[in-house]
1. For residues that are open to solvent by 30 Å² or more (accessible area, probe 1.4 Å) and farther than 16 Å from GLY12 by Cβ, tally how many sit in region 83-110.
2. Test ALA17 against the criterion of being exposed (fewer than 13 other Cβ atoms within 10 Å of the Cβ) and assigned to a helix (DSSP H, G or I), and give yes or no.
3. Among GLY54, GLY81, which is under 21 Å from LEU157 (Cα atoms) and at pLDDT below 95?
4. Determine which single condition LEU102 fails, assuming it passes every other condition in (1) modelled with pLDDT under 95; (2) part of a helix (DSSP H, G or I); (3) not basic (Lys, Arg).
5. Being touching a strand residue (DSSP E or B) at 6+ places or on another chain (Cβ under 6 Å), among the small types (Gly, Ala, Ser), open to solvent by 10 Å² or more (accessible area, probe 1.4 Å) and in contact (Cβ under 8 Å) with a residue 40 or more places away in the chain narrows it down to one residue among GLY69, GLY54; which is it?
6. Within region 119-131, count every residue that is touching a residue at least 12 places away in the same chain (Cβ under 8 Å) and either of a type outside the set (Ser, Thr, Tyr) or surrounded by fewer than 18 Cβ atoms within 10 Å (Cβ to Cβ) (or both).
7. Quick check: anything in region 109-116 of a type in the set (D, E, K, R) and touching a Ser or Thr at 6+ places or on another chain (Cβ under 6 Å)?
8. When the residues of region 27-44 are filtered to those that are open to solvent by 30 Å² or more (accessible area, probe 1.4 Å) and within 16 Å of the chain's Cα centre (by Cα), which remaining residue is modelled with the highest pLDDT?
Amino acid sequence: MEEPSGITIRRGTAADAAAAGGVVADVLLEHGLGFDPALDADILTPRAHYLTAGGAFFLAVDADGGVVGTAALMRTGAATGELRKLFLLPHVRGRGVGRLLLDAVLDAARARALRRVTLTTRERYGVAMRLYERYRFRYVGGAHQWRAGDPGLTYALDLDVLAAAACSGLAPRRRAEVVRL
């Protein structure tokens, strides 16, 4: 896998909402889905859903400052969170950018002493599902929120399991730290 040349992972701010929402809308459209104000409002209001609610919001930015990827952590309980809106534009996929965004979210979860992170995905996102499974996310059932007639799939990761895998050398290796938590 080549290094994501010219890509920086940084914390998002409320000012980044429109650009992040554009990435999400473009990727959804690419996969035959529409932007749903009920399901996607969190990306348009990161302050309320991530930044002041015990979560985190990250962007992948290209050398020109354009937003090419998003990922967020939404706090769902005292020790739980949800990976939200891990989306990449097509021209940066397969370059390790998704892995760096996922690392940033999981680092944020650990920094907040979360023990479990869940996510919802769809079968149409097969490449993303393989990434999640490499990180030891496991399928736990159907999602509660349907999108365009698709119930979705819920995956979960117990962070103590990931830590044990890292100690045994089985967890994914990280190439570099890209954000400070």
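1. The total comes to 6.
2. Working: exposed (fewer than 13 other Cβ atoms within 10 Å of the Cβ): no; assigned to a helix (DSSP H, G or I): yes.
For ALA17, the condition - exposed (fewer than 13 other Cβ atoms within 10 Å of the Cβ) and assigned to a helix (DSSP H, G or I) - is not met.
3. On the way: GLY81 fails: at pLDDT below 95.
Exactly one of GLY54, GLY81 is under 21 Å from LEU157 (Cα atoms) and at pLDDT below 95, namely GLY54.
4. Among (1) modelled with pLDDT under 95; (2) part of a helix (DSSP H, G or I); (3) not basic (Lys, Arg), the lone unmet condition for LEU102 is (1).
5. GLY54
6. Pass one, region 119-131, residues touching a residue at least 12 places away in the same chain (Cβ under 8 Å): 119-125, 127-129, 131.
Still in the list and also either of a type outside the set (Ser, Thr, Tyr) or surrounded by fewer than 18 Cβ atoms within 10 Å (Cβ to Cβ) (or both): 119, 122-125, 127-129, 131.
Final tally of qualifying residues: 9.
7. As a first pass, look at region 109-116 and keep what is of a type in the set (D, E, K, R): 110, 112, 115-116.
When the remaining residues are screened for being touching a Ser or Thr at 6+ places or on another chain (Cβ under 6 Å), the result is 116.
Scanning region 109-116, I find at least one residue that is of a type in the set (D, E, K, R) and touching a Ser or Thr at 6+ places or on another chain (Cβ under 6 Å), so the answer is yes.
8. Going through region 27-44, the residues open to solvent by 30 Å² or more (accessible area, probe 1.4 Å) turn out to be 29-32, 34-38, 41, 44.
If we keep only those that are within 16 Å of the chain's Cα centre (by Cα) too, we end up with 41, 44.
Details: ALA41: 90, LEU44: 94.
Filtering first and then ranking leaves LEU44.
The values are calculated or read from the model by the stated rules, or taken from the named source; none is laboratory data. What you are looking at is a predicted structure, and each value in this text was computed from that prediction instead of being measured. Backbone-built Cβ (ideal geometry, glycine too); neighbour counts: all protein chains shown. Each accessible area value is taken on the protein alone, full model and side chains, heavy atoms only, with ligands, DNA and RNA left out. Shrake-Rupley method; radii C 1.70, N 1.55, O 1.52, S 1.80 Å.
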